[in-house]
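Here is the structure we will look at, set down as structure tokens.
The values are calculated or read from the model by the stated rules, or taken from the named source; none is laboratory data. Worth saying up front: this structure is predicted, and the values here are computed from it rather than measured. Ideal geometry is used to build each Cβ from the backbone, glycine not excepted, and the neighbour counts take in all protein chains shown.
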Amino acid sequence: MPHPVPPYYYQTLDWNRLVADYPPAPGYFDTVWKWPRERLVALQQQRLREAVQRAWQTPFYRRRWEKAGVRPDDIRTPADLPKLPFYTVDDIRDSIALDPPYGDYQGRAAAAAAEEPLRIFWSGGTTGDPRPTVYTQWDREAGAILTQRMYYLQGVRPGDVVMNSWAFSTHNGAWIYDHALHHWLGCLNITTGTGNVTATEKQLMFAHKYGVTTILSWADHLVYMANLARELGYDLQRDFKIRTLPTFGNPLPVKEAWGCPAYEAYGFHEVQVISAECDAHAGLHVFEDAFIVECVDVDTGQPLPDGETGNLVVTCLYKTGNQHIRYNIQDLCRIVSREPCACGGTHLRTDRFLGRSDTMVKLRGINVWPEGCGNVVNKDPRVTGEWFCYAETKKTPRGDVDELTIMVEHKAGIGDAGALRAQLEDRLKVEIGLRINVEVVGPDALRTLTGLGTDRPKPKRFEDRRIAQK
Ligand SMILES: [Zn+2]
């Protein structure tokens, strides 16, 4: 019997080329980060041409581009991108139906793991059937470098003790954070998983006892942890050494809860970290040596000028396996600036995640995003930061009327909840432009609805009850 030789991890990648192409921090922040935009766009142009050639080898893209009458040679610069059709999660689902179970969009067959180290993760637990992504070793390592840059930009340093409280599950997040910190940033990782795996009380014990300097979790959970720590009798400043809290979600309540800098970032499972906030807190810098981002109109799909809100369309430049050319992720965003930032970076900046266009609620002819309502109520210091929206249809003598209600948790001891409710309704009317009902509930009352503290990768924030009612 011959003994098959496995693809040994240290032998299967050109490591020198990897760090030359995608430099990690700190070198990256002294070089590419500060390049003039023309130089950056020239690099994007070269990488785009290569990515389009790779995509052309994939049945998924060839099928779609041939149908649209476009060939790889038609794409010479980033400005040519709108010639290519974008794709959405629905096209991925179609691809899986066409060629189950992996779809015809993967750049590698699963069996290729015998020749090169591959990983597979899934997305889509919240919006339908799971969608697999196969990652080559290059894609994992380059993605880990992007993640390392994010953590470095946000104050994590070699020697830090980092507690990773994300869910280690079928999706990618927790694994790539671990990989980035362990392989590329010299941190000591304490791996707890979520509260379901390691009780939050025990996580706080770890953080206290081992001098944890950073906790990785989603923003709502970090706020929850701070509140629980106080209830357990900890003094957050005296008993912990937390120095920085990089997160996904709104960092402002996190900063307030822990009394240390907090930052946000953006990314999604298939392409890993795309953008991250710097110390200037003036938008999220896109790692433009690895991505080209566009914003397109939600209804027409046409490119939008900078500053206007639409769907984010992502083209990924760094991956060798699975390609992502004009992936319309249906997250609402806008490009804030292409001017140099106070931090010295020249990479363009986007706004924070503004909601999902496919959870958009059409209410009395106006598009409302539940996340936008959440952002409005969370400005009030009397609320905990926890909220949940539902849409319902009310029967009236004049016919059916769609209503949106936001449930908001108040902090303990705030006095008159009725007054809070009236004031939040007024504030929503001013900022959203129409009447939205508010229900004020007690601290922790929304946990069963949002799934906060469970294995859900993102808390549930919206339920459309109109479908069941009609
Ligand atoms: Zn900056």
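Summary table below
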{"quantity": "Test: residue in segment 344-361 that is within 30 Å of Lys394 (Cβ to Cβ), in contact (Cβ under 8 Å) with a residue 12 or more places away in the chain and more than 20 Å from the chain's Cα centre (by Cα)", "calculated": "yes"}
{"quantity": "The lone exception for Cys278 - which of (1) more than 16 Å from the ligand (Cβ to nearest atom); (2) of a type in the set (A, V, I, L, M, F, W, C); (3) at pLDDT 95 or above; (4) surrounded by 21 or more Cβ atoms within 10 Å (Cβ to Cβ) it fails", "calculated": "(1)"}
{"quantity": "Filter result for Pro82 (within 27 Å of Glu339 (Cα to Cα), out of contact with any Lys or Arg (no Cβ under 6 Å at 6 or more places or on another chain) and surrounded by 12 or more Cβ atoms within 10 Å (Cβ to Cβ))", "calculated": "yes"}
{"quantity": "Only one of Ala219, Ala180, Ala174 that is closer than 21 Å to Leu232 by Cβ and under 21 Å from the mean Cα position of the chain (by Cα)", "calculated": "Ala219"}
{"quantity": "Qualifying positions in segment 232-261 - buried (at least 22 other Cβ atoms within 10 Å of the Cβ) and either within 16 Å of the ligand (Cβ to nearest atom) or without any contact (Cβ under 8 Å) to a residue 24 or more places away in the chain (or both)", "calculated": "Pro246, Pro251"}
{"quantity": "Of the criteria (1) within 16 Å of the ligand (Cβ to nearest atom); (2) at pLDDT 90 or above, which one Tyr327 fails", "calculated": "(1)"}
{"quantity": "Where a residue in segment 92-113 is of a type in the set (Val, Ile, Thr) and its partner, wherever it lies, is at pLDDT 95 or above, with Cβ under 7 Å and at least six apart", "calculated": "Ile92/Gly103; Ile92/Tyr105; Ile96/Gly103"}
{"quantity": "Filtered residue count, segment 413-443, keeping only those that are without any contact (Cβ under 8 Å) to a residue 40 or more places away in the chain and either over 21 Å from Val223 (Cβ atoms) or in a loop (DSSP other than H, G, I, E, B) (or both)", "calculated": "15"}
{"quantity": "The lone exception for Ser337 - which of (1) within 16 Å of the ligand (Cβ to nearest atom); (2) free of Cβ contacts under 8 Å to residues at least 40 places away in the same chain it fails", "calculated": "(2)"}
